[in-house]
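Colleague: Dumping the structure here so I can ask a few things about it.
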Amino acid sequence: MTAFEDFAAPPVDAHRTPVSEHLVVSEDRSGLELDEFLCLTFPLVNKGYLRDQVRAGLVLVDGSSTSPSKRLRIHQVVSIDFDLDGAPAAPRGRGVRVQVLWEDASVMVVDKPAGLAVEPERWNRAGACLSGALLELACERSGGRGDDGRSVAGELEFRPRLVHRIDKDTTGVLIVAKTIEAERGLRRAFDEGRVSKRYLALVEGEYALEDGEETIVDLPIAPDARRTGRMCVREAGGKPSRTRVAVERRFRGYTLLRCEPLTGRTHQIRVHLAAQGFPLVVDPLYGRRPALLLSELKRGYKSKPGRVEHPLIDRLTLHALEVAFPHPEGDGDVRVEAPVPRDLARALKQLDKVRPPRL
């Protein structure tokens, strides 16, 4: 029996509008919560909209209204009576391809490219984002997608769930839960401090740490009242924020740092390093420039006549290198590393050439 098999409708309240479709809970969907069942059935419809339809009584289980968190049993009938044509769409990926670094039945770890927001931006709801790209990947694996909000195969293999974020212009590893149980287990691991993340940060200045030495930056962070979207170090009212820092590589005038956030504040690494006087080499919000040019590093450098100099890197010089977490199903620890992206590798190569460390 499949989720879309023809089925006689269960009796409903006489005062209700007759429902338009009846879906039978199949064995592999038994145990899901109702909103999760609907998301797998209509993957291209906004999840909040689906939950609202349940709360409005437009989704019934065995003829009765219920809550989005209702856990379903095999052979129960989910009846729906809402308009898919007017439903807001789920986030889209707009053809963006995401590299999967590691995956099993309940979790995947992906490599986020630069310039891709994790979730839809408030000012560009129709733009590409990582959650949309992951949803499109799930649809492709299920046989493509249809025009009615469903995957062509009728149901998704999994509904991707991001359990943490990185900035739009930061590259690197992100954990994605593939089941509701995995999502809850991973969120619990984050809350309990059992997930570690390691970043590479290319900064201005020569960071004063010996090889093998570490320091912990312990500075409270709060929203900057003077500039929307910006954070700042503030003792009064700031949230406790701690970042472990060590030197990875040295250059003349610059340092590649290894940073491990021990708390999860917005822009934490960027704010902590800038507050110490070592902003990211490229950071329009907390740093000194929007791009790094070779002419800034190499004395006497001149671009070819008639050619505009292209930047070595024109986005945040921050890369989420590695993540380690306990597997939500108890299968030991998982550690995944993302390769250094091409633009950051190019900048580091030029620094090695023209700004070698002081002897």
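Colleague: I need the peptides 235-242, 102-109, 40-47 ranked by packing, meaning the mean over residues of other C-beta atoms within 10 angstrom, with the highest value on top.
Modeller: Numbers: 235-242: 13.0, 102-109: 17.5, 40-47: 21.0.
Highest-to-lowest ranking by the protection proxy: 40-47, 102-109, 235-242.
Colleague: While we're looking at this one, here's another question. Amide H of Met231 versus every other amide H placed in the peptide plane: which residues, excluding those fewer than 5 positions away on the same chain, fall under 5 Å?
Modeller: Asp224
Colleague: Still on this structure, I have one more. In straight Cα distance, which aspartates and glutamates are under 17 Å from Lys349, not counting same-chain residues fewer than 8 positions off?
Modeller: Result set, ordered by chain and number: Glu204, Glu248, Glu296, Asp314.
Colleague: Per 0.36 nm of contour for each residue apart, how much would the distance between Ser64 and Ala345 grow if the chain were fully extended, relative to their Cα-Cα spacing? Before the final figure, lay out the partial values.
Modeller: On the way: separation 281, 0.36 × 281 = 101.16 nm, distance 5.84 nm.
The span from Ser64 to Ala345 would gain 95.3 nm if fully extended.
Colleague: While we're looking at this one, here's another question. Rg and Dmax of the chain, using alpha carbons, in Å: what are they?
Modeller: Cα radius of gyration and Dmax of the chain are 24.5, 86 Å respectively.
Colleague: If each residue's Cβ is checked for other Cβ atoms within 10 Å, how do Arg141, Arg226, Arg289 rank with the fewest at the top?
Modeller: Working: Arg141 13, Arg226 7, Arg289 16.
Ranked by crowding around the Cβ, least crowded first: Arg226, Arg141, Arg289.
Colleague: Over the chain, what relative contact order in percent results from Cα pairs under 8 Å that are six or more residues apart?
Modeller: Values: 760 pairs, mean separation 47.5, N = 359.
Answer for the chain is 13 percent.
Colleague: Please turn the phi angles of the stretch 285-293 into ³J(HN,Hα) values with the Karplus equation 6.51 cos²θ - 1.76 cosθ + 1.60 (θ = phi - 60°), one per residue in order, whole Hz, x for glycine and proline.
Modeller: 8, 10, x, 10, 8, x, 7, 10, 9
Colleague: What number, rounded to the nearest 500 deg cm²/dmol, is the helix-based mean residue ellipticity at 222 nm of the chain, given -39500 (n - 2.57) per DSSP H run of at least four residues and division by all its residues?
Modeller: On the way: 7 runs with 66 residues, N = 359.
Roughly -5500 deg cm²/dmol at 222 nm, from the helical runs in the chain.
Colleague: Okay, next question. Between Asp83 and Arg141, what is 0.36 nm times their sequence separation minus the Cα-Cα distance? Round to one decimal in nm.
Modeller: 18.2 nm
Colleague: Taking R0 as 51 Å, what FRET efficiency do you get between Asp331 and Arg55 from their Cβ-Cβ distance, rounded to the nearest 0.05?
Modeller: Numbers: r = 36 Å, r/R0 = 0.71.
Between Asp331 and Arg55 the formula returns 0.90.
Colleague: Separate question: When a footprinting reagent is the concern and you count Cβ atoms within 10 Å, what order do Val308, Val25 take, fewest first?
Modeller: Going from least to most buried by this count: Val308, Val25.
Colleague: Taking the simple approach of a point 7 Å from Cα along Cα-to-Cβ for both Thr215 and Val100, what is their distance in nm?
Modeller: Each label point lies 7 Å from its Cα, and together they span 4.3 nm.
Colleague: Moving to a separate point now. If the cut-off is a Cα-Cα distance under 21 Å, which lysines reach Lys178, setting aside same-chain residues fewer than 8 apart in sequence?
Modeller: Lys47, Lys70, Lys112, Lys197
Colleague: Quick one: if the Förster radius is 25 Å, what FRET efficiency do Glu157 and Arg184 give, using the C-beta to C-beta distance and rounding to 0.05?
Modeller: On the way: r = 19 Å, r/R0 = 0.77.
Computed FRET efficiency for Glu157 and Arg184: 0.80.
Colleague: A further question follows. 5 Å is the cut-off here: which amide hydrogens, built 1.01 Å from N in the peptide plane, fall below it relative to Glu21, excluding neighbours closer than 5 in sequence?
Modeller: Ile80
Colleague: Under 11 Å from a point 7 Å along the Cα-to-Cβ line of Tyr301: which residues of the stretch 321-359 have their amide N that close?
Modeller: 347-355
Colleague: Shifting gears a bit: Whole-Hz Karplus ³J(HN,Hα) for the stretch 325-330, in order, using 6.51 cos²θ - 1.76 cosθ + 1.60 and θ = phi - 60°, x for Gly and Pro?
Modeller: 8, x, 4, x, 9, x
Colleague: Leaving out same-chain residues fewer than 8 places away, which lysines sit with a Cα under 22 Å from that of Lys353?
Modeller: Partners within reach: Lys298, Lys302, Lys304.
Colleague: What is the stretch 21-80 by shape, rounded, prolate or oblate, if you read a ≥ b ≥ c off the alpha carbon gyration tensor as root eigenvalues and call it rounded for a/c under 1.5, prolate for a/b larger than b/c, and oblate otherwise?
Modeller: Numbers: a/c = 1.62, a/b = 1.21, b/c = 1.34.
Here the stretch 21-80 falls in the oblate category.
Colleague: Taking a point 7 angstrom from the Cα of Arg234 along the C-beta vector, which residues in the stretch 257-291 have backbone N less than 14 Å away?
Modeller: 266
Colleague: Which helices count as membrane-span-like in the chain under these terms: full DSSP H, at least 27 Å along the axis by C-alpha, Kyte-Doolittle mean of 0.0 or more?
Modeller: Working: long enough: none.
Membrane-span-like by this criterion, though nothing is claimed about a membrane: none.
Values in this text are rule-based calculations from the coordinates and carry no lab data. Nothing here was measured: the structure is a model prediction, and the numbers come from that model. For neighbour counting, all protein chains shown are included, and Cβ atoms are generated from backbone atoms with ideal geometry for every residue, glycine included.
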